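To keep things clear, I will list the structure first and then write my remarks on it.
The values are calculated or read from the model by the stated rules, or taken from the named source; none is laboratory data. Please read these numbers as outputs of a predicted model, since none were measured by experiment. Cβ sites come from the backbone with ideal geometry, for glycine too, and all protein chains shown count toward neighbours. Heads up: the accessible areas ignore ligands, DNA and RNA and are worked out on the full protein's heavy atoms, side chains in. Shrake-Rupley method; radii C 1.70, N 1.55, O 1.52, S 1.80 Å.
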Amino acid sequence: MAAPRYCPSCLSLASQTTTTLFRASTPRISPFTPPPQSLLQQPNQLRAASQNALKYRRKDVPASQKRKKARSTFLVPDLRNAIQFSLVEAMRYLRASEVGRPPTSSKYELHLRLRTPKNGAVVRNRLRLPHPVKTDLRICVIAPSDSPQGLAAKAAGAVIVGEEEIFLAIKEGRVEFDRCLCHTDSLALLQKANLGRILGPKGLMPSVKTNTVVKDVGASVREMAGASEYRERFGVVRMAIGQLGFSAEEMQRNIRAFVESVKRDMQGISDQTAKDLHEVVLSSTNGPGLSLNGSFSSGEDGGVGARDVSTL
Amino acid sequence: MNDGHMGPRKFWRQELVRLKYHNPAVSMTVERSTVQHDSATMSIHFTSENAPQTSGSATSAPNATSSTSTDKAPSNAAPTERVETIDMKFKSSNEILKEFMQVTRAMPVEATAEEREVMRSLEEQRIRGERDSKLSLEVRQKKKREEAILAQAKGEVAVAAQ
């Protein structure tokens, strides 16, 4: 028997019999004659030689078909392993982590984790909290300053009212307001001014979808000044829900109002996308996020009651 | 360095947080200024013994409110009976804590059996994690070296094939 031959380029065992597959010019190999040197110099022909090798050859899938299946919903954590807290416990931890900070600078925030498909409609709305968090909101109104709407806006408390002056100021870069409203008649002028590139990324561009293009400017300004806006990003709805000085009862009322509002919004769009509330997390500006278990206070706090949590 | 303010700062970030957790009803405020050579004093305001107690607090009878500041901040809780001050400059946070506990006659909170269990399991986890990370670092580095050699070899073959 001849010694086993290996194809030098692909290192596969070239069997004796399959050399008959090649053209007649190559000499036939008998088991007793050593293979001629010429055969060993033709590595490409020997590549697909062995039947066995062909059977077990790795199928190289073309790169376009090689793709992992992407998830269609956002991942949610398993709450059975989660450590959850009552409201008073959570507030105690958060107040401790914020000790010494100026009382108006730290805020509580609530994160609602939703179970939702990735490409569905998002929850987006405005809400008036029972105990408002931020009471000094600068509103800008785009309407002619001498028109009745402009005057009504000024009376309702808008900081900047006008048309061309505002466009110029924005183009220069002086955006000195937190919210922007536009009267329906001035919408055309606004579109022409091409401010979308500056205001768009900030979320300040008035549009019909966000109810910022209005007919009755005075009422909208009044409504906006007290309302906080929330929006779902990547499956989570986040909103500031209290200042550090709020008591536990005030926080409870705010949280209830917020969660109920989000639940109502989710029901409204439930026929298109299935949305579900999965987890509620309370956090603060400088504190950890603590998952809430829905209860107000637990008994095993060493007697620390809701009143104790209220002092700064 | 920092004109002796590192101790007070660490005290605020580490010890005061724990103090506040165990005594949530005690008002604690911090005032800071940008001037380095200012003093760093902690003033502890004690109220009379009849003032409402916080249950579960670690401080003993006098209901204290403490304010760590360069100037004294008046507390708006029960009227202060007396004030004790501690100078914190050039002291480490441990020393400040010791002095504080002396002045207020505070009782340290002992860890319960469950909390000790949790702390021990976390410590074990940490040790295990360190060991695992060392091992996996070796494996990762070995893999990287092999890939580097392979890439080099491929590069040489490509050069030779040209």
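Assess whether B:Glu124 counts as being more than 14 Å from chain A (Cβ to nearest Cβ) and at pLDDT 90 or above. Don't jump to the end; show me each part of the working.
Details: more than 14 Å from chain A (Cβ to nearest Cβ): yes; at pLDDT 90 or above: yes.
Answer is yes for this residue.
The test for being charged (D, E, K, R), surrounded by 19 or more Cβ atoms within 10 Å (Cβ to Cβ) and closer than 30 Å to A:Arg264 by Cα does not hold for A:Glu163.
Count of region B:29-45 residues, restricted to those that are within 14 Å of chain A (Cβ to nearest Cβ), assigned to a strand (DSSP E or B) and over 15 Å from B:Met101 (Cα atoms), is 2. Scanning region A:114-130 for residues that are farther than 27 Å from A:Val175 by Cβ and touching a Ser or Thr at 6+ places or on another chain (Cβ under 9 Å) returns A:Arg115, A:Thr116, A:Pro117, A:Lys118, A:Asn119, A:Gly120, A:Ala121. Looking at region B:1-28, which of the residues that are in a loop (DSSP other than H, G, I, E, B) and more than 13 Å from chain A (Cβ to nearest Cβ) is most open to solvent (accessible area, probe 1.4 Å)? Filtering first and then ranking leaves B:Met1. A:Gly203 meets each of the listed conditions (1) surrounded by fewer than 17 Cβ atoms within 10 Å (Cβ to Cβ); (2) in a helix (DSSP H, G or I) apart from (2). A:Lys69 meets all of the listed conditions (1) open to solvent by 90 Å² or more (accessible area, probe 1.4 Å); (2) touching a helix residue (DSSP H, G or I) at 6+ places or on another chain (Cβ under 9 Å) but one, namely (2).
Among the residues of region B:108-120, is there at least one that is out of contact with any Pro (no Cβ under 7 Å at 6 or more places or on another chain) and in contact (Cβ under 8 Å) with a residue 24 or more places away in the chain? Yes, region B:108-120 contains at least one residue that is out of contact with any Pro (no Cβ under 7 Å at 6 or more places or on another chain) and in contact (Cβ under 8 Å) with a residue 24 or more places away in the chain. Residues in region A:76-87 that are open to solvent by less than 70 Å² (accessible area, probe 1.4 Å) and either within 9 Å of another protein chain (Cβ to nearest Cβ) or assigned to a helix (DSSP H, G or I) (or both): A:Leu79, A:Leu87. Restricting attention to region A:125-139, does a residue exist that is farther than 23 Å from A:Ser261 by Cα and surrounded by 17 or more Cβ atoms within 10 Å (Cβ to Cβ)? Yes, because at least one residue in region A:125-139 is farther than 23 Å from A:Ser261 by Cα and surrounded by 17 or more Cβ atoms within 10 Å (Cβ to Cβ). Can you say whether A:Ser228 is away from every other protein chain (no Cβ under 14 Å), of a type in the set (S, T, N, Q) and either touching a residue at least 24 places away in the same chain (Cβ under 8 Å) or more than 30 Å from A:Leu187 (Cα to Cα) (or both), as far as the supplied structure shows? Yes, satisfied. Among the strands (runs of 3 or more DSSP E) confined to region A:220-304, the ones with at least 2 residues that are under 27 Å from A:Pro206 (Cβ atoms) and either open to solvent by 60 Å² or more (accessible area, probe 1.4 Å) or not charged (D, E, K, R) (or both) are located at A:227-233, A:236-243.
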